[in-house]
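Any read-out appearing in this document is the output of simple, stated calculations on the displayed coordinates, not a laboratory observation. Values in this document were obtained by computation on a predicted structure and should not be read as measured data. Heads up, the Cβs are rebuilt from the backbone with ideal geometry, glycines too, and the neighbour counts pull from every protein chain shown.
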Amino acid sequence: MGHHTRRQFESPEAAAEAAIANRPRQFETLEAAAARLSLDKRTIRRAIAAGRLHGYRFGARALRVEPAEVDALMEPVPTVERSA
């Protein structure tokens with residue numbers, strides 16, 4: 001019998017990307033993505049139009065996005081350390 005070895009990743013980000021790549025794709029409506037992040041649906045549409053986010057059509061009208069891709073647009077805000 002062969003031995004299973006746990007794959008080592010260079011960074012937590014690489015491990016997260018591999019986990020996302022190995023699971024079934026999930027989609028959500030623009031409304032759901034916007035509500036989850038407390039944004040307006042038009043903000044999600046603008047991200048798609050600007051090429052920062054992929055939109056996926058199902059039929060003529062249904063437009064969906066991948067939650068992980070929407071989440072990846074969120075960027076941490078730099079903070080300033082203050083001395084006490």
Compare the peptides 28-38, 54-64 by average per-residue count of other Cβ atoms within 10 angstrom and give them in order, highest first.
28-38, 54-64
For segment 24-72, the dipole about the Cα centre with charges only on Cβ (Lys and Arg +1, Asp and Glu -1), to the nearest 20 debye, works out at 240 debye
Lys/Arg +1, Asp/Glu -1 at C-beta; segment 24-72 dipole; positive extreme among Gly59, Gln26, Ile44:
Gly59
